[in-house]
Amino acid sequence: MATNRSESTGDSDSNGDRRKVALITGITGQDGSYLTEFLLNKGYEVHGLIRRSSNFNTQRVNHIYIDPHNVHKARMKLHYADLTDASSLRRWIDTIQPDEVYNLAAQSHVAVSFEIPDYTADVVATGALRLLEAVRSHISATGRSHIRYYQAGSSEMFGSTPPPQAETTPFHPRSPYAVSKCAAHYYTVNYREAYGIFACNGILFNHESPRRGENFVTRKITRAVGRIKIGLQSKLFLGNLQASRDWGFAGDYVEAMWMMLQQDKPDDYVVATEESHTVEEFLEVAFGYVGLNWSDHVVIDKRYFRPAEVDNLKGDSSKARKVLGWKPKVGFKELVKMMVDEDVELAKREKVLVDAGYMDAQQQP
């Protein structure tokens, strides 16, 4: 699906005005897909950087992908690159000449970061530095100083610091992922202060959706709810049920990213619902929605406990609400029900394949 070097960027819209051009790393992820939809609706031309994989990893953007040979309709284009490859980052920035750069790419699984800490640091921390340096050197060479840069931060950076957590709350990261995000945050601040780049950090608290990866606890729960309800699964294995998180809808949060880059001055913002709920509360809503009792199906497995736990994250997003005019539209229960609805339908389709003998349902007990 990735295209070769594009012949031109910033095509004109129906009024003859040059379209804004956005470059997104992590475009195939949950946030990247929602941000792409949002920017396309705003009239942008969107370029995404994707890693080469032996398996297609573009499922989340397939519904908006148009073959680049259809020149007048294809406003989203994909290119091979990697945050571990500085030369590819600089080459595509020079070629695409973006107006806005959104760095969403990461090894974003907290528990997995304990298993592959070196890789996590290389992609999340040093990867952000490589991209910032590519933007800086591009500006220096071309004089295109209007470029604006967004760095995806994480509430995990606060770690064990008690809630509520705001922009001035000290970081106390509790995982290689969180430490790496702290480094990326400060690299962004440094390039803003040292080189005058319009660079913003968005410290986003947990944001979920039906597009969330299945190994994240929220989607793991709603996926299991669907399969249990349809009869494809009976048990769900989880770790710490008392961990409390500030959960919002990813579709709401990508709008805040864009808003940050439309301001007169670059700054850092916390984006959160300002409500905190435990994993157990998530279970109660998700299972209760389909008439099930979560305690009949959930088994605690110690392998899912982290070496260093983060007990409670709850954001103070008053700055984003005041300065950006942003506020969440989807509430906690609405979010959970949205995810369960999607995963019940997915389980129904899965059962058709199982009943026809095309799939083995016994992947989980």
Q. Label point 7 Å out from T278 along Cα-to-Cβ: which residues of region 149-172 have amide N under 17 Å?
A. 163
(Q) Given a 1.4 angstrom probe, what's the average accessible area per residue across region 285-338, in square angstrom? (A) 59
Q: Report the calculated FRET efficiency for K20 and D360 (r = Cβ-Cβ distance, R0 = 41 Å), to the nearest 0.05.
A: 0.30
**Q.** Charged-residue dipole, Cβ positions (Lys, Arg, Asp, Glu), the chain about Cα centre, Debye nearest 20
**A.** 420
Q: Report the Stokes-Einstein translational diffusion coefficient (µm² s⁻¹, integer) for the chain, Rh taken as the Kirkwood radius over Cα pairs, at 4 °C with viscosity 1.567 mPa s.
A: 60
Q: Rounded, prolate or oblate: pick one for region 82-188, where a ≥ b ≥ c are the square roots of the eigenvalues of its C-alpha gyration tensor, a/c under 1.5 means rounded, and failing that, prolate if a/b is larger than b/c, else oblate.
A: oblate
Q) Based on the alpha-carbon gyration tensor of region 19-159 and its eigenvalue square roots a ≥ b ≥ c, which shape applies: rounded if a/c is under 1.5, prolate if not and a/b is larger than b/c, or oblate? A) oblate
Q: Of the options V101, V352, Y269, report the single residue whose Cα projects farthest towards the positive end of the charge dipole of the chain (beta-carbon charges: Lys, Arg +1; Asp, Glu -1).
A: V101
**Q.** Volume of the Cα convex hull of region 270-351, divided per residue and given in Å³
**A.** 139
**Q.** Computed lengthening from H69 to L353, 0.36 nm per intervening residue step minus Cα-Cα distance
**A.** 98.8 nm
Q: Report the full-extension gain for the segment E167 to S53: residue separation times 0.36 nm, less the Cα-Cα distance, to one decimal in nm.
A: 37.4 nm
Q | Kyte-Doolittle mean at least -1.0 and Cα axial length at least 30 Å: DSSP H helices in the chain | A | 332-355
Q. Quick one: longest stretch of the chain between exposed loop chymotrypsin sites (Phe, Trp or Tyr not before Pro), exposed meaning at most 15 other C-beta atoms within 10 Å and loop per DSSP?
A. 66-304
**Q.** Helix-only CD estimate at 222 nm, as mean residue ellipticity for the chain, using -39500 (n - 2.57) per DSSP H run (n ≥ 4)
**A.** -11000 deg cm²/dmol
Q) Computed from the mean reciprocal separation of all distinct C-alpha pairs, what Kirkwood hydrodynamic radius does region 138-187 have, in Å? A) 12.5
Q: Note down the nm distance, to one decimal, between modelled labels 7 Å out along Cα→Cβ at A141 and at H109.
A: 3.6
Q: Calculate the spin-label point distance for E193 paired with L241, positioning each point 7 Å from the Cα along the beta-carbon direction, and give it in nanometres.
A: 4.6
(Q) Less than 10 Å Cβ to Cβ from V310, Lys/Arg counted +1 and Asp/Glu -1: what total charge do the surrounding residues give? (A) 0
Q) For region 38-109, treating each Cα as an identical point scatterer without solvent, what Debye log10 I(q)/I(0) comes out at q = 0.24, 0.26, 0.28 1/Å? A) -1.42, -1.53, -1.56
Q) Excluding the sites themselves, what is the longest stretch of the chain that contains no trypsin sites (Lys or Arg not before Pro) in a DSSP loop with at most 16 other C-beta atoms within 10 Å? A) 236-328
Q) On the first, second and third principal axes, largest extent first, how far apart are the outermost C-alpha atoms of region 204-277 in Å? A) 54, 24, 17
Q: Could you tell me the convex hull volume per residue, in Å³, taken over the Cα atoms of region 232-310?
A: 141
Q: With N denoting the number of residues in region 158-263, provide Rg(C-alpha) divided by 2.2 N^0.38 Å, to two decimal places.
A: 1.36
Q.
Could you report region 97-168's accessible area per residue, 1.4 Å probe, as an integer in Å²?
A. 35
Q. What is the Å³ per residue value for the convex hull set by the Cα atoms of region 324-365?
A. 112
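The values are calculated or read from the model by the stated rules, or taken from the named source; none is laboratory data. Just so it is clear, the structure is predicted and the values come from calculations on it, not from any experiment. Glycine gets a Cβ as well: all are built from the backbone with ideal geometry, and neighbour counts include every protein chain shown. Keep in mind that these areas ignore ligands, DNA and RNA; they rest on the heavy atoms of the full protein, side chains included. Shrake-Rupley method; radii C 1.70, N 1.55, O 1.52, S 1.80 Å.
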